[in-house]
Structure formats: C-alpha cells, structure tokens
Amino acid sequence: MPVVTDLRVELRAVAPADLEIFFIQQQDPSACEMAAFPPRSRPAFDVHWARVLADPSAITRTVLADGVVAGNAACFGPQDQREVAYWIGREFWGQGVATAALGALLAELSERPLHAIVAQHNAASLRVLEKCGFSRRGEQLAEDGILEIELELER
Ligand SMILES: CC(C)(COP(=O)(O)OP(=O)(O)OC[C@H]1O[C@@H](n2cnc3c(N)ncnc32)[C@H](O)[C@@H]1OP(=O)(O)O)[C@@H](O)C(=O)NCCC(=O)NCCS
C-alpha cells in the first residue's frame, strides 16, 4: 500500500478536547460538500459523539499529524457490516494524512471484510480507500438523491 506523507501520522484514543476541533472540522462547507453530509448543530454534535464514545463496538481514533490533531477515523456498525469512516481538517488535505490514518486503522483492526460508503463525487475519499486496498462493489442512491459507491476490503 503506497502511503506517502512527510508528516508523522498516528492514531490515539479520542480526548475530550479533541471534540472542539472535530466540531470545527465538521462545519467546513467544502468538507461537508465532499462527504455529502450536512454539518451538525452543537447539540446534535454533542449527542452524536456521546453516543459514539459510549458504543463499545465502535472504534474511534483521533488522527495526529506531527502531534497535532488533524481529524478522526473510525470503524463502526454491526458485525456483518463493519464500516470505516474518517474526517480530516482542510489544512491537512493533500498530504497523505487520510491514507496514512486509514492504513494505521486497518493495521489495528483484525476484522474483515470492512466496508465503506462514499459519495460518487468524493474523488479524494475514493482514492484514499483504493490506495488502502478497498475495491468498488456497487452503488446505491441515498435518500437525498446522492449516488454512493460501496467499497469493500476483503483481507
Ligand atoms: C477525503 C479526505 C479524507 C482526504 O484526506 P487527505 O488527507 O487529503 O487524503 P490523502 O492526501 O491521503 O489522499 C488523497 C488522494 O486523493 C487525491 N485527490 C484529491 N482530490 C482529488 C480529486 N478531486 N480527484 C481525484 N483525486 C483527488 C489526491 O491526489 C490523493 O491521491 P494521491 O496520493 O494518489 O495523489 C479529506 O478531504 C476529508 O476529510 N474530507 C471531508 C470529509 C470526508 O469526505 N470524509 C470521507 C467521507 S467518505
């Protein structure tokens, strides 16, 4: 898997202070457009993260780039449909951070297959997944009319 970045990318457990950064990152209009995901209000964000961090089946990590909080990466969902997701702050884009973070998450996870669902227009995320070994399996039309690509990592 080609992971090319000059930054030192590491994962660690999510600390409460990280949530302030994740909140700002998930409000970025360009990021929301890429992910086809609307920003959450602060109350909705807090409810979402409280639920995520309390879910024993969800594996959620803070992504550090040279020791700075760059975003988050996660694996969640039922046993037969484990899904990965990630969100990186815009100032870190285009430097291989998501690819290295997903690679580190995959190294930590023994479960396979893993799945991902990405808006068809999110070329950067599709590229990240394919660089990490995921293959396209199909597509689906989401309720909001966005065409989504389904990807899978078999091994
Ligand atoms: C998608 C996202 C995770 C990518 O993060 P990143 O750290 O910039 O990703 P990387 O640098 O590791 O890799 C991006 C790859 O996509 C490529 N890319 C970027 N924009 C592209 C575009 N418009 N078309 C084609 N490829 C593109 C880059 O060239 C790079 O590939 P390369 O290494 O072969 O050159 C980041 O933009 C993000 O968090 N976006 C908002 C949230 C989101 O979309 N999350 C994923 C939801 S499925």
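Beta carbons closer than 7 Å, at least 6 apart along the sequence or on distinct chains, pair a first residue in region 101-117 that is farther than 16 Å from GLN79 by Cα with a second that is within 12 Å of the ligand (Cβ to nearest atom) and in a helix (DSSP H, G or I) for LEU102/VAL128. PHE45 passes every criterion in (1) closer than 19 Å to GLN27 by Cα; (2) at pLDDT below 95 apart from (2).
Against the conditions (1) hydroxyl-bearing (Ser, Thr, Tyr); (2) part of a strand (DSSP E or B); (3) exposed (fewer than 12 other Cβ atoms within 10 Å of the Cβ), THR60 satisfies every one except (3).
Note on region 1-42: residues that are under 26 Å from ALA54 (Cα atoms) and acidic (Asp, Glu) amount to 4. Taking the numbered list (1) within 12 Å of the ligand (Cβ to nearest atom); (2) more than 12 Å from the chain's Cα centre (by Cα); (3) under 22 Å from LEU7 (Cβ atoms) in turn, SER125 passes all entries but (2).
Being assigned to a helix (DSSP H, G or I), within 23 Å of LEU19 (Cα to Cα), out of contact with any His (no Cβ under 6 Å at 6 or more places or on another chain) and in contact (Cβ under 8 Å) with a residue 40 or more places away in the chain is a property that ALA124 lacks.
Of all residue pairs spaced 6 or more apart or on separate chains, those with beta-carbon atoms under 6 Å, a first member in region 127-155 that is in contact (Cβ under 8 Å) with a residue 24 or more places away in the chain and a second member that is of a type in the set (Phe, Trp, Tyr) and surrounded by 10 or more Cβ atoms within 10 Å (Cβ to Cβ) are LEU151/PHE134; LEU153/PHE134.
Considering region 86-107, the residues that are within 14 Å of the chain's Cα centre (by Cα) and assigned to a loop (DSSP other than H, G, I, E, B) include one that is farthest from the ligand (Cβ to nearest atom), namely GLY89. Taken over region 1-42, the residue count meeting the criterion of being in a strand (DSSP E or B) and surrounded by 17 or more Cβ atoms within 10 Å (Cβ to Cβ) is 2. Candidates are the residues of region 57-85 that are touching a residue at least 40 places away in the same chain (Cβ under 8 Å) and more than 13 Å from the chain's Cα centre (by Cα); the one that is farthest from the ligand (Cβ to nearest atom) is GLY67.
The values are calculated or read from the model by the stated rules, or taken from the named source; none is laboratory data. Computed from a prediction, not measured in an experiment: that's the story for all the values here. A quick note on method: Cβ atoms are made from the backbone with ideal geometry, for glycine too, and the neighbour counts reach across all protein chains shown.
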